[in-house]
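Data block below; observations after.
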Amino acid sequence: MTTSTTNRSRRWPLRPFLGASGSLVLRKVSFPDFIQTIYNKFPGVKVFGMFETITPFFVIRDPELIKQIAIKDFDHFVDHRPTFGLFDEESAEHPNALFRKTLFSMTGQRWKEMRATLSPAFTGSKMRLMFSLMGECFDEMIDHYVKKAKSSGRVEVEVKDMMSRVSINVIASCAFGIKVDCFKDQDHEFLRHGKKMMDFARPIVIARMMAMRVFPKLSSRFGIDLLDPEQARYFTQVFQETIKARESHGTVRNDMIDLLLQARKGTLKFQEEKNDQEGFATVQESDMGKVEVMKHITESEMIAQCLVFFLGGFDTVSTCAMFMAYELVRSPEVQQKLYEEVLETSKELAGKPLSYDALQKMKYMDMVVSETLRIWPLAPATDRLCTKDYTIDDGQGLKFTIDKGTCVWFPAAGLHHDPQYFPNPERFDPERFNDENKRNINLGAYLPFGIGPRNCIGSRFALMEVKAVMYYTLLKFTIVRSAKTQIPMQLRKGFTNLGPEKGMHVELKLR
Ligand code: HEM
C-alpha cells in the first residue's frame with residue numbers, strides 16, 4: 001500500500017490540529033477541489049492514508065474496493081464518522097440534540113431498524129402519490145417569474161435563491177402538508193431557519209463539528225449538535241403541531257407525515273417494485289432496508305426524521321437544480337435539446353399536468369441530471385467508520401488491517417473527474433449517460449447518492465423534484481447568461497455545503 005505518510009509527517013509539526021485538511025479548515029480551497037487534489041496526488045494507488053485534524057483515515061480510490069467495503073463487507077462499516085454528531089444513549093434524551101437523532105446520524109442496530117422503518121416511504125409508488133402535491137408549487141413559481149418578466153420579456157434571478165424558495169414550498173407541502181409561499185413571503189421563517197441551518201461555514205458550527213469529532217463522548221453528554229438550540233426548538237414546535245393536528249383530524253394526504261405516522265404504527269410495508277424507467281442515478285434499497293420491523297419511534301425521533309427530509313428536500317435539491325441551470329447556460333445546445341424533449345412531453349400531456357410517469361419517460365432529462373451530478377457531486381466524499389477490525393484484501397497483494405474506529409472516505413469528486421472512468425472529465429457531456437454508454441459506467445466510480453445499504457434514502461424524491469422544476473422552468477423560459485453570471489463558477493471555500501461564492505445569477509428569457 002502507498003500512503004501519504006511522508007507528506008503527513010512533514011506537515012504534522014506545522015499544523016498539529018489540522019492534519020492534511022488544513023487548507024480546507026483554513027478555507028483556502030473548496031471541498032470538491034480539496035478531494036480532487038488529494039485524489040490526484042496518488043495516481044494508480046488503490047488506498048492511501050491521511051490525517052484529518054487529529055483523526056487518521058483511509059481514502060479508498062479503487063471502485064472495486066469501494067464496493068467491497070460499502071456493500072459486501074458493510075457489516076464492518078455501518079456508521080458515519082462523528083463529524084455531524086452521532087446518536088447515542090447520552091444524547092438520546094437531550095432536547096437540543098435533534099440532528100443526532102436523524103437517520104443520517106444513527107448508528108448500528110438502531111440505524112438498521114430506523115432505515116427499514118423509513119424505506120417503504122421512499123419507493124416509486126409513494127413518490128408517484130407525492131408528486132401530485134408538487135404541481136401547484138411549480139405553477140406558483142412560474143407565475144411569479146412570468147409576472148416579473150412581463151415588461152421586458154426577461155428577468156434576472158439568483159438561481160440558488162429561486163430553487164431554494166420553490167424547494168421550501170415543495171417540501172412544506174409534500175412532507176408536512178403546510179401551505180408555504182416563499183415567493184410571496186420573501187422572508188418566510190422556514191426559509192430563514194433553513195438557510196441558517198445549512199450555513200455550515202459559521203464559526204460556531206465549525207467549532208461544534210470539531211468538538212463532536214475530537215471529543216465525541218463529552219459533546220454528546222452536553223447535547224452539542226449540528227443545529228443551533230433555537231432551530232431545534234423552532235422545528236420541534238412546528239412538527240409537533242403538525243403531527244398533533246394530523247392525528248386529531250385523521251386527514252390522509254399521502255405526504256411524508258402520513259407515511260411516518262404509518263411507520264410509527266407499523267402499518268407501512270416495503271413493496272418490491274420493478275421500474276425500468278427509473279433515473280440512472282437512483283440508488284436501490286438493500287435487503288437490509290426491506291426487512292419488516294416493528295420499531296417504536298419516539299416523538300423526538302420522528303421530529304428528527306422530518307427535519308432530515310426538510311434539509312434533504314430543501315438544500316440538496318435546490319443546489320443540484322442550480323448546478324444544472326449553470327451547465328445549461330454554458331451549453332445552449334444541450335438546453336435546446338432538453339427543451340425539445342420538454343415540449344414534446346408537454347404536447348403528449350395535451351393540457352394535463354405533468355405526471356410522475358411522464359417525467360420518468362424523459363430520457364434526455366435523465367441524462368442531463370446524471371451528468372450534472374457527475375460533474376457536481378453534492379457530497380464530494382462520503383465517509384464510513386470502521387466498527388469492527390477489517391482486513392482489506394484486493395486479492396492482488398494489497399492486504400492490511402483497518403482498525404476499529406478508523407474512518408474511510410469514498411472520494412466521489414475525485415472518481416467523477418478521473419479520465420480513467422470518465423474520459424475528458426471536465427466536459428459536460430450528457431451523452432455519457434445515453435442507453436449505449438451508461439452500461440459501461442462503473443457504479444463504484446459514480447457515487448452521487450452514495451453506495452450500499454447506507455446510500456441516500458431520498459434519491460427518488462430528489463431526482464423527481466429536480467427534473468420537475470427544470471421541466472416547468474424550460475417550458476416557459478430560456479436560461480441565459482447575464483452580465484452577473486460567473487463563469488467559471490467559484491465555489492465557496494472550506495468544509496461547507498456546496499455552492500457558488502457569489503451566487504449564480506442568470507436571466508430567464510420568456511419563450
Ligand atoms: C440531489 C439531491 C441529493 C443528493 C445529491 C443526496 C446525496 C446523499 C448522499 C451522498 C448521502 C450519503 C450516502 C452514503 O453515505 O453512501 C445521502 C444520505 C442521505 N440522504 Fe440524501 N441526497 C439528496 C437528496 C435527499 C433528499 C431529498 C432526502 C430526503 C427527502 C435525503 C435524505 C437522505 C438521508 C436521510 C440520508 C442518510 C441515509 C442513511 O444514513 O441511512 N437526501 N444523501
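The values are calculated or read from the model by the stated rules, or taken from the named source; none is laboratory data. Quick caveat: nothing in here was measured; it's all calculated off a predicted structure. Here the Cβ is made from the backbone with ideal geometry for all residues, glycine too, and neighbour counts use every protein chain on show. Ligands, DNA and RNA are stripped out before the accessible areas are found, and what is left, the full protein with its side chains, is counted by its heavy atoms. Shrake-Rupley method; radii C 1.70, N 1.55, O 1.52, S 1.80 Å.
Within region 379-391, take every residue that is within 11 Å of the chain's Cα centre (by Cα) and buried (at least 21 other Cβ atoms within 10 Å of the Cβ) and give me the one that is nearest to ALA70 (Cα to Cα). Among residues in region 379-391 that are within 11 Å of the chain's Cα centre (by Cα) and buried (at least 21 other Cβ atoms within 10 Å of the Cβ), the one nearest to ALA70 (Cα to Cα) is THR382. The lone criterion from (1) at pLDDT below 95; (2) crowded, with 23+ Cβ neighbours inside 10 Å left unmet by LEU474 is number (1).
The number of residues in region 66-109 that are open to solvent by less than 20 Å² (accessible area, probe 1.4 Å) and basic (Lys, Arg) comes to 2.
Flag: LEU65 matches the condition of being modelled with pLDDT of 75 or more, of a type outside the set (Val, Ile, Thr), within 23 Å of HIS416 (Cα to Cα) and in the same structural domain as VAL408 (by the TED database). Give region 490-506 a look and list any residue that's surrounded by 21 or more Cβ atoms within 10 Å (Cβ to Cβ) and in contact with a strand residue (DSSP E or B) (Cβ under 6 Å, 6 or more places away or on another chain), or say none. Once the filter is applied, which keeps residues that are surrounded by 21 or more Cβ atoms within 10 Å (Cβ to Cβ) and in contact with a strand residue (DSSP E or B) (Cβ under 6 Å, 6 or more places away or on another chain), region 490-506 yields only VAL506.
Number of residues in region 257-289 that are more than 13 Å from the ligand (Cβ to nearest atom), open to solvent by 60 Å² or more (accessible area, probe 1.4 Å) and within 30 Å of LYS438 (Cβ to Cβ) equals 7. When you scan region 387-399, do you find a residue that is closer than 19 Å to PRO32 by Cα and part of a loop (DSSP other than H, G, I, E, B), even just one? No, the conditions are met nowhere in region 387-399. The requirement of being in contact with a strand residue (DSSP E or B) (Cβ under 9 Å, 6 or more places away or on another chain), open to solvent by less than 60 Å² (accessible area, probe 1.4 Å), in the same structural domain as GLY124 (by the TED database) and modelled with pLDDT of 95 or more is satisfied by ALA325. Counting only helices (runs of 4 or more DSSP H) that sit wholly inside region 151-224, those with at least 1 residues that are within 19 Å of the chain's Cα centre (by Cα) are 159-176, 189-197, 203-214. All conditions in (1) modelled with pLDDT under 95; (2) surrounded by 14 or more Cβ atoms within 10 Å (Cβ to Cβ) hold for LYS404, with the sole exception of (2). Filtered by the rule that a residue be open to solvent by 40 Å² or more (accessible area, probe 1.4 Å) and near the ligand (Cβ under 6 Å from one of its atoms), region 435-466 gives a lone residue, CYS456.
Please go through region 238-256 and give me each residue that is of a type in the set (Asp, Glu), more than 13 Å from the ligand (Cβ to nearest atom) and open to solvent by less than 20 Å² (accessible area, probe 1.4 Å), ordered by number. Scanning region 238-256 gives no hits. Kindly indicate the residue of region 357-378 that is among the hydroxyl-bearing types (Ser, Thr, Tyr) and open to solvent by less than 10 Å² (accessible area, probe 1.4 Å) and also farthest from the ligand (Cβ to nearest atom) among those meeting that condition. Checking each candidate, the answer is SER370.
When TYR356 is tested against the conditions (1) under 23 Å from the mean Cα position of the chain (by Cα); (2) under 18 Å from VAL47 (Cβ atoms); (3) at pLDDT below 95, the lone failure is (2). Looking across region 136-157 at every residue that is touching a helix residue (DSSP H, G or I) at 6+ places or on another chain (Cβ under 8 Å) and touching a residue at least 60 places away in the same chain (Cβ under 8 Å), the one that is nearest to the ligand (Cβ to nearest atom) is identified as PHE138.
Within the option set GLN335, GLN277, being part of a loop (DSSP other than H, G, I, E, B) and assigned by the TED database to the domain that holds THR473 holds for one residue only, GLN277.
Would region 229-244 turn up any residue that is without any contact (Cβ under 8 Å) to a residue 40 or more places away in the chain and not in a helix (DSSP H, G or I)? There is no residue in region 229-244 that is without any contact (Cβ under 8 Å) to a residue 40 or more places away in the chain and not in a helix (DSSP H, G or I).
A quick yes/no check of all residues on (1) surrounded by 22 or more Cβ atoms within 10 Å (Cβ to Cβ); (2) aromatic (Phe, Trp, Tyr):
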| site | (1), (2) |
| --- | --- |
| SER125 | no, no |
| MET130 | yes, no |
| GLY153 | no, no |
| ILE168 | yes, no |
| ALA175 | yes, no |
| ASP185 | no, no |
| PHE200 | no, yes |
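Given the criteria open to solvent by less than 30 Å² (accessible area, probe 1.4 Å), closer than 19 Å to GLU93 by Cβ and either touching a strand residue (DSSP E or B) at 6+ places or on another chain (Cβ under 7 Å) or polar (S, T, N, Q) (or both), does SER220 qualify? Here the answer is yes, as SER220 does meet what is asked. On the stretch given as region 338-362, residues that are assigned to a helix (DSSP H, G or I) and touching a residue at least 40 places away in the same chain (Cβ under 8 Å) total 10.
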